Amino acid sequence: MQSSTPQPGRPDPSNVLFDPFQSTVTQGFWTELSDLKLGTLRLSEEPLTISGFWGPSNYEGVPPQLQVDNESFRLAHSSAEVSVGIRAQHEVPGTLHNLNSIERFRAFQANKRSAEQATALQIWQDILSGAAEAQPRLLQRFLLFTFADLKLFRYHYWFAFPALKPPAPFTLEQPVAGLTSAFGPQLAAKVARACQSWRERAHTQLQPDGKPGTRQPAWLLLIAQDGHSARCHPLLAWQQVKREAAAQQAQDGCAPEAAAWEPGRRRPDGSVQQPRVAELAASMDPSALAHSAVHLNLGLMRWRAAPALDLEKLATAKCLLLGAGTLGCAVARTLLGWGVSSITLVDSGRVAYSNPVRQSLFTFEDSRGGATPKAQAAAASLRCIYPHVEAEGRQLTVPMPGHPLTPAELSQAEEDAAKLDALVADCDVVFLLMDTREARWLPTLLAATHGKLAINAALAFDTFLVMRHGAPPVPDAGFLTSHEARAGTSRSSGRPGSAPQRLGCYFCSDVVAPVDSTVDRPLDQMCTVARPGLAPIAGALAVEMMASVLQHPAGIYAPALDTSGAGFGASRNPEEGQAFSQCTACSACVVQQYKQQGWQFLQQALQDPKGLEDLTGLTELQEKAAAAAELMDLDHAGSMESAGALEEGGDEWTAL
């Protein structure tokens with residue numbers, strides 16, 4: 001019997017109504033989607049299986065809430081029982097369609113009817129096959145269409161909760177009566193306790209209901225029973241409303257036609273529905289926004305240009321910059337662009353008035369009074385530019401050969417050398433960016449001693465040099481073999497089967513020890529006089545070389561010429577040559593001497609660089625070269641005398 005006569009213009013009060021979910025999307029869901037899109041999905045638009053979580057509403061007039069959050073991706077393939085145990089909510093399956101552009105999103109939105117019908121058909125097939133009886137959550141599938149504007153942190157989305165519409169409405173056989181009025185308060189209380197106990201036990205036919213009320217009872221179960229004989233089904237709806245429990249009855253029907261897209265937002269004039277938009281930028285911490293934006297630009301490289309790019313290697317590389325001047329500032333800024341998060345700058349100077357216009361990390365305020373150390377000012381500037389960087393400035397002087405130390409300076413020099421040794425040992429990459437040639441000697445020796453990648457950059461007026469140093473003189477054979485096997489090349493030419501050869505350093509082309517290069521020099525030769533545009537170019541190339549070497553499977557052992565395509569871009573430079581066995585900075589004898597004697601060896605080299613020539617055999621080489629030159633001079637003189645005698649004899653013969 002129908003409950004009442006419908007009034008004109010109003011729905012029949014005896015009809016059972018479908019009440020869709022109301023969606024809730026947490027910020028964690030968008031964060032997880034952003035990471036997934038940037039790092040894994042990239043240009044793919046393949047649909048993803050996700051999970052939604054919902055619980056029955058406890059208040060009349062409030063629809064049930066379906067929530068998606070960061071767990072929606074991780075729990076998508078877990079069982080309903082596990083999900084319920086973790087979240088104390090009900091897990092339902094969903095499909096996410098994330099589109100690559102707003103135009104694609106709008107085009108997909110125009111054809112959303114087909115996606116809705118496909119999901120409805122899937123629900124209908126689950127009903128007919130019996131899968132929905134084994135897993136009732138399959139009756140509550142949902143769709144989510146999104147476009148993630150990762151640059152502006154703006155997310156367009158639209159939910160769909162497909163539901164099957166019967167050809168004729170489900171109706172109430174009789175008005176709903178409360179348990180208390182039907183059975184009395186004592187029996188109603190017993191039924192409530194029994195329902196609670198029954199709910200705690202896993203019954204396969206127990207299906208949570210959504211919104212409390214009299215006209216939306218067990219819609220999903222009514223649909224699911226459509227494949228069985230048409231008859232009345234008494235249903236007990238267990239609803240934890242802020243009042244008494246109720247028993248309700250409903251009648252079933254059938255028709256696999258889908259409906260129920262969630263209402264979107266309307267234009268100001270109320271005319272056309274639009275997708276919902278989540279604007280996260282205003283609610284996010286500016287520091288977090290900067291962090292995401294930096295990694296966005298880098299992550300986009302992997303979509304098409306460099307799919308194999310390992311950003312983690314670059315982000316975790318500890319970089320030591322020796323020199324915080326024109327080159328140091330240029331290198332530091334480029335490192336930030338690559339997402340490097342650990343930068344230590346070393347310099348002994350202070351910011352001068354001439355520095356800010358050429359050195360991009362300093363301002364006029366830093367040069368006031370000359371009181372701000374360069375290293376600390378540069379580190380502070382890096383943190384202002386990118387708050388997530390771990391930038392540290394160290395003010396110390398690098399001991400240099402040919403710069404004799406007074407007894408009062410020895411203690412400070414020893415302390416500075418020990419600090420520099422510790423800094424090199426703790427880093428992954430050393431950048432040599434100092435003003436003079438001899439200032440690079442000790443860092444070169446320390447990089448060879450500790451097996452660190454060293455990148456050297458130097459400026460002249462209209463030229464510059466960027467090169468990387470080779471591997472340590474006595475590398476670990478097992479490590480070298482494994483990396484060369486992966487690279488498929490030797491250390492030198494990149495050709496399989498080539499003899500292993502080590503790349504040289506900045507000093508390998510010298511046949512003399514480094515000395516003081518600033519003695520008796522005018523001002524234009526003591527200062528770095530270079531075209532202002534060269535430093536950014538050289539600094540950028542130095543960082544690009546570092547990125548290429550770190551991406552190569554062989555790392556520091558990457559060959560100078562690599563045609564295997566194993567690395568990322570060019571890791572070579574025309575200046576890279578073979579190591580010199582008598583080099584004063586990276587040869588095996590110098591490294592071994594430093595390991596054995598430490599500061600004692602350094603002190604001797606600083607006070608008398610000639611000792612380096614004796615140690616490496618350059619003295620003997622010079623003597624042999626001098627003797628050979630003298631012999632050549634004698635030969636040349638003898639040849640000239642012979643030529644003169646022949647010429648004189650020729651004249652006499654002509655006279656005769």
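Here are some notes:
- Against the test of being among the polar types (S, T, N, Q) and in contact (Cβ under 8 Å) with a residue 40 or more places away in the chain, the options THR397, THR406 yield a single qualifying residue, THR397.
- Condition met for VAL398 (within 28 Å of the chain's Cα centre (by Cα) and buried (at least 18 other Cβ atoms within 10 Å of the Cβ)): no
- Qualifying residue in segment 603-624 (condition: of a type outside the set (S, T, N, Q), within 47 Å of the chain's Cα centre (by Cα) and under 16 Å from ALA447 (Cα atoms)): no
- Of all residues in segment 14-30 being surrounded by fewer than 17 Cβ atoms within 10 Å (Cβ to Cβ) and modelled with pLDDT under 85, the one that is farthest from GLN65 (Cα to Cα): ASN15
- Residue count for segment 304-321, restricted to those that are in contact with a Gly (Cβ under 6 Å, 6 or more places away or on another chain) and in a strand (DSSP E or B): 1.
- Residue within segment 520-536 that is among the hydroxyl-bearing types (Ser, Thr, Tyr), at pLDDT below 90, closer than 25 Å to HIS450 by Cα and in the same structural domain as HIS403 (by TED's automatic domain parsing) present: no
- Flag for ALA477 being in the same structural domain as PRO307 (by TED's automatic domain parsing) and either at pLDDT 70 or above or more than 21 Å from GLY577 (Cα to Cα) (or both): yes
- Test result for LEU33, at pLDDT 85 or above, within 18 Å of THR95 (Cα to Cα) and surrounded by 12 or more Cβ atoms within 10 Å (Cβ to Cβ): yes
- For segment 278-303, residues that are in contact with a Lys or Arg (Cβ under 8 Å, 6 or more places away or on another chain) and in a loop (DSSP other than H, G, I, E, B) total 3.
- Residue in segment 50-62 that is nearest to PHE18 (Cα to Cα), counting only those that are touching a Gly at 6+ places or on another chain (Cβ under 7 Å) and modelled with pLDDT of 80 or more: GLY52
- Among the candidates LEU179, LEU187, residue that is within 30 Å of ALA132 (Cβ to Cβ), outside the structural domain of GLY299 (by TED's automatic domain parsing), more than 57 Å from the chain's Cα centre (by Cα) and of a type outside the set (Ser, Thr, Tyr): LEU179
- Complete set of residues in segment 324-382 that are surrounded by fewer than 19 Cβ atoms within 10 Å (Cβ to Cβ) and among the charged types (D, E, K, R): ARG350, ARG358, GLU365, ARG368
- Counted residues, segment 451-477 - those being without any contact (Cβ under 8 Å) to a residue 60 or more places away in the chain and either part of a helix (DSSP H, G or I) or of a type in the set (Asp, Glu) (or both): 2
- Whichever residue in segment 415-450 is modelled with pLDDT of 95 or more and part of a loop (DSSP other than H, G, I, E, B) and, among such residues, is surrounded by the most Cβ atoms within 10 Å (Cβ to Cβ): LEU433
- Selected residue (only one of GLU613, GLU630 is under 30 Å from CYS586 (Cα atoms) and at pLDDT 65 or above): GLU613
- Options ALA352, ALA380; residue that is at pLDDT 95 or above and touching a Gly at 6+ places or on another chain (Cβ under 8 Å): ALA380
The values are calculated or read from the model by the stated rules, or taken from the named source; none is laboratory data. Here the structure is a predicted model, which means the values were calculated and not measured. Note that we place each Cβ from the backbone using ideal geometry, even for glycine, and neighbour counts take in every protein chain shown.
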